[in-house]
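Comments concern the structure below.
None of the figures in this text is laboratory data; all of them are computed from the coordinates on show. What you see is a predicted model; the values in this text were computed from it and never measured. Virtual Cβ from ideal backbone geometry, glycine too; neighbours counted across all protein chains shown.
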């Protein structure tokens with residue numbers, strides 16, 4: 001069975017990816033520096049015989065080089081990054097450091113003849129929307145914020161290594177994935193956490209901003225399918241859903257599903273980084289990666305996530 005390296009392995013999406021790969025029998029090595037990752041995210045599988053975890057930073061070439069030397073990965077999922085709107089706006093230099101990690105991953109992947117690298121990009125690369133839905137092939141990238149620029153630079157690096165060195169890739173542009181294990185830094189988890197604690201749900205601005213939401217199981221189903229498909233090699237995929245909800249509608253839905261008495265409180269709008277609307281085209285994701293399968297509805301995904309959070313809050317009590 002192939003060996004797979006997952007960076008940022010203790011984070012929300014990559015920890016779910018690791019669990020799926022471990023369950024499927026892959027030899028998995030994960031690395032994380034716990035900037036945003038959490039030990040509890042890997043608790044369910046950290047003792048599996050086919051999982052090895054390294055605490056370290058991908059921006060450190062020596063640390064990463066030792067992993068490649070010892071484990072000789074066949075496939076690499078590069079998901080490590082400084083994430084979160086507030087965190088990235090407050091720490092722009094930290095965000096820019098992630099360019100080093102991208103370079104390290106690509107150089108070592110080339111040197112160790114990795115079959116393919118899977119790069120986690122973001123909806124943020126589209127910047128201020130100029131068309132809807134946002135299509136991988138036609139929508140211009142309009143990124144300005146440091147996090148978005150770094151993801152854009154990462155995509156350019158990945159493509160350059162393919163053209164120059166023949167290192168194959170698949171790029172995923174993630175649109176608001178949510179579900180169990182997500183950090184309360186992100187809107188769905190934040191709202192659920194507030195609702196279950198009976199606190200006000202806090203919305204920046206008037207709540208009219210619209211987003212689409214992708215349940216973690218759909219994200220993992222699509223991204224792991226890409227491992228086995230020739231049609232996914234050297235391609236870019238939006239990973240998300242096309243059904244839009246305003247922040248106000250999302251808050252109201254979560255209060256309803258949680259059976260909460262929480263109120264909604266409006267905060268001043270963010271000075272930057274809060275786009276009015278974002279909706280991906282998911283035709284390629286569904287047709288190529290998911291064979292047209294139905295996605296988990298936001299209503300169902302919220303119910304599953306609330307049940308998981310109730311259990312975790314109970315464990316904390």
### Query
In region 162-317, what % of DSSP beta bridges are antiparallel (nearest 5)?
20
### Task
Describe numerically, in nm with one decimal, the distance between label points set 7 Å from Cα along Cα→Cβ at residue 244 and at residue 34.
4.2
### Angle in degrees between helix 92-111 and the longest Cα principal axis of the chain, rounded to the nearest 10
30
### Query
For the chain, modelled as a Gaussian network with Cα springs under 10 Å, which listed residue fluctuates most, 280, 180, 92?
92
### Task
Pairs of Cα atoms under 8 Å, at least six residues apart: use those to get the relative contact order of the chain, whole percent.
16
### Message
Looking only at the chain, where both bridge partners belong to it, what percent of the DSSP beta bridges are antiparallel (to the nearest 5)?
### Response
5
### Query
With the Cα gyration tensor of region 1-123 giving a ≥ b ≥ c as the square roots of its eigenvalues, does the rule (a/c under 1.5 for rounded; else a/b larger than b/c for prolate; else oblate) give rounded, prolate or oblate?
oblate
#### Entry: Residues 218, 206, 32, sorted so that the one with the fewest Cβ neighbours within 10 Å comes first
206, 218, 32
### Query
By how many degrees, 0 to 90 and rounded to 10, does the Cα axis of helix 187-196 deviate from the longest principal axis of the chain?
50
#### Entry: Acute angle (nearest 10 degrees) that the helix 146-165 long axis makes with the longest principal axis of the chain, alpha-carbon atoms
30
### Query
Gain in length, residue 70 to residue 138, computed as 0.36 nm per residue apart minus the alpha-carbon separation, to one decimal in nm?
20.3 nm
### Task
Give the order of 82, 70 when sorted by the count of other beta carbons within 10 angstrom, beginning with the fewest.
70, 82
### Message
Can you tell me how the chain classifies by the Cα gyration tensor, rounded, prolate or oblate, using a/c under 1.5 as the rounded cut?
### Response
prolate
### Query
What ranking of 165, 78 emerges when the number of other C-beta atoms within 10 Å of each C-beta is taken as an exposure proxy, fewest first?
165, 78
### Summary
Classified through the alpha carbon gyration tensor (a ≥ b ≥ c as square roots of its eigenvalues; rounded if a/c is under 1.5, else prolate when a/b is larger than b/c, else oblate), region 239-317 comes out oblate
